[in-house]
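This report concerns only the one structure given below.
The values are calculated or read from the model by the stated rules, or taken from the named source; none is laboratory data. Note that the coordinates shown come from a computational prediction; the quantities given were computed from them, not determined experimentally. When we count neighbours, we look across all protein chains shown, and the Cβ atoms used for this are built from the backbone with ideal geometry, even at glycine. With ligands, DNA and RNA removed, areas are computed over all heavy atoms of the protein, side chains included. Shrake-Rupley method; radii C 1.70, N 1.55, O 1.52, S 1.80 Å.
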Amino acid sequence: MFSRFIQRAPENFLSREQIQDVRAGRRGFLASAFAAAAAATATQSHAQAADGDPNILNLPAHSKGLGQPVAARPYGLPSEFEKNLQRRESPGLTRVGQASVSFCPLQGLFGIITPSGLHFERHHQGWWDIDPSKHRLMVNGSDETMLKRPMVFSMDELMRLPNVSRMHFIECGANTGMEWGNSAVPTVQYTHGMLSCSEFTGVPLCTLLELCGVDFKRAKFILAEGADGSSMTRTIPMSLIMSGEVLVAYGQNGEMLRPENGYPLRLIVPGVQGVSWVKYLRRIEVGDMPYATKDESIHYVDLQPSGLHRQYTSIQEVKSVITSPSGGQVLLDKGFHTITGLAWSGRGKIKRVDVSTDGGRNWKPARLEGPVLAKCLTRFNADFVWDGKPAIFQSRAVDETGQIQPNYHELRKVRASRSIYHNNAIQSWQLEENGEVKNVQV
């Protein structure tokens, strides 16, 4: 929704060349675009104050006639005036579009639930719209004694079992990965947009394993395998599954999963990086040791300052980001503004979020907006009165286990600056005197 006090982030008019300019630190071209928009808004506001607001004085067409008939669009769509709010690719991020990412527009969302049509995407071999009547899930063991009954489930058989619905965030392990070395991209959509939160519906995986008669004394891990061309496979520890949190899900936000999100079946592994939430789920194998698959032995590993890599570091640590004001936006007027953002932790509930407007010198507690749920996004808000001077916005989250979100100096002490995955450092947004907000690191 448009506001006369803040201008939207400029993804809709950034060309590939301009994005490269931003990445290289050449941001001058933004100033003229923002200045023109601000001047137009100021002129319009002045005219309204002098002559009265025509939007009040003149009765609009929609107040004088019939609107569209009921169910004119059997599946509802967003307003035409909100069409700029969409997930976007980062140009040049990957060589092939089928093995790429689309980023969620966090800067334009409210609350904690991500609309299914804006949920971020990460594909390794493209997405498919699979016929659910032909899709099957097989459960087997790494040897014949691991379970009593290998079973194959159809979608109808899965959907007749007792189900649960839960709200959880999902974050790609590479979210904020481009920011390890320096501020690389201009907006929160690209710095943190591999993040979404939904209500998922499905069957606890432990229920299926019990039906198969799994030997839980021997079983220590499962291997989850997807049905897409990449045959994505991930190891999941049995301790997570026995907690009852891991779901075999077919529902998202009250409807079936979208094809881009794994229709008709995907794994839900709360608190764990998104690559483990295997889409198009077709097989579960039960074993007694980690499987060391390609995407957990050479990818999705953490580079250490020594040059060695850590494996199986799947938990998404405590993290937060201010979504507004954020990079690419412009404050068009002094006075009162609301700072808003999101916090999350793969270890449980968010306990506290602090906000700074001076680059971390001073902090004040933000308001946590309910509900505050485990392994789910939490919305926070704070008041800010802008006096026209520069400011640097930061947020710092603390979870219920006592983990505190680190700044870049603290994180690089243990992770250096050449890593890719699991960057949970504090994000900084610099507000300049002309109202422009930029991505910086302090």
| note | Extension length gain for ALA292 and ASP143 (0.36 nm per residue less Cα distance), in nm, is 51.9 nm
| said: Starting from the 7 Å offset along Cα-to-Cβ, what nm value, one decimal, do you get for the label separation of GLU400 and TYR75? | reply: 3.6
| field | Where Rh is the Kirkwood radius over Cα pairs, Rg/Rh for the range 222-358 | value | 1.07
| note | Expressed in angstrom, Rg and Dmax over the Cα atoms of the range 63-119 are 16.2, 52
| remark: Order by accessible surface, 1.4 Å probe, largest leading, for residues LYS438, LYS364, LYS83 comes to LYS83, LYS364, LYS438
| message | Between LYS334 and ALA416, what is the label-point separation in nm under the 7 Å Cα-to-beta-carbon projection? | response | 4.8
| What residues qualify as long-range amide H neighbours of SER324, i.e. H under 5 Å apart, gap of 5 or more or another chain, H built at 1.01 Å from N? | THR340
| Estimated vicinal HN-Hα couplings, Hz - the range 271-278 in sequence order (Karplus 6.51, -1.76, 1.60; Gly, Pro = x) | x, 9, 3, x, 4, 7, 7, 4
| From the Cα gyration tensor of the range 263-328, with a ≥ b ≥ c the square roots of its eigenvalues, which class applies: rounded if a/c is under 1.5, or else prolate if a/b is larger than b/c, or else oblate? | oblate
| task | Give, rounded to the nearest 20 debye, the magnitude of the charge dipole that the range 300-442 has about its Cα centre when Lys and Arg contribute +1 at Cβ and Asp and Glu contribute -1 at Cβ. | result | 540
| task | Please report how many Lys pairs in the range 341-442 have alpha carbons closer than 23 angstrom, counting only residues at least 8 apart along the chain or sitting on separate chains. | result | 7
| task | Considering Cα pairs under 8 angstrom that are at least six residues apart, work out the relative contact order of the range 238-287 and quote it in whole percent. | result | 29
| query | Per residue, how much accessible area does the range 187-327 have with a 1.4 Å probe, in Å²? | reply | 29
| Can you pull the Rg over Rh of the range 100-206, Cα-only, Kirkwood? | 1.08
| query | Could you give the alpha-carbon Rg of the range 133-287 over 2.2 N^0.38 Å, rounded to two decimals? | reply | 1.10
| field | Heavy-atom SASA rank of GLU245, GLU210 (probe 1.4 Å, accessible area, largest first) | value | GLU210, GLU245
| said: Pick from PRO78, PRO365, PRO290 the residue whose mean-square fluctuation is largest in a GNM of the chain, springs joining Cα atoms under 10 Å. | reply: PRO78
| field | Distance between modelled label sites at ASP215 and ARG367, nm, 7 Å Cα→Cβ extension | value | 5.7
| query | To the nearest 10 Å², what's THR145's accessible area with a 1.4 Å probe? | reply | 90
| note | Note on the range 348-442: alpha-carbon gyration tensor, axes a ≥ b ≥ c; rule is a/c under 1.5 for rounded, else prolate if a/b larger than b/c, else oblate; result oblate
| task | May I ask for the Kirkwood hydrodynamic radius of the range 170-244, worked out over all distinct Cα pairs and given in angstroms to one decimal? | result | 15.6
| query | With every protein chain left in place, what is the accessible area of PHE216 in Å² (1.4 Å probe, nearest 10)? | reply | 70
| request: List the residues whose amide H sits under 5 Å from the amide H of CYS376, counting only those 5 or more places along or on another chain, with H placed 1.01 Å from N in the peptide plane. | output: PHE169, SER345
| Carbon-plus-sulfur fraction of the accessible area of the chain, 1.4 Å probe, in percent? | 54
| In whole percent, what relative contact order does the chain give with Cα contacts below 8 Å and a gap of six or more residues? | 16
| query | Taking N as the number of residues in the chain, what is its alpha-carbon radius of gyration divided by 2.2 N^0.38 Å? | reply | 1.06
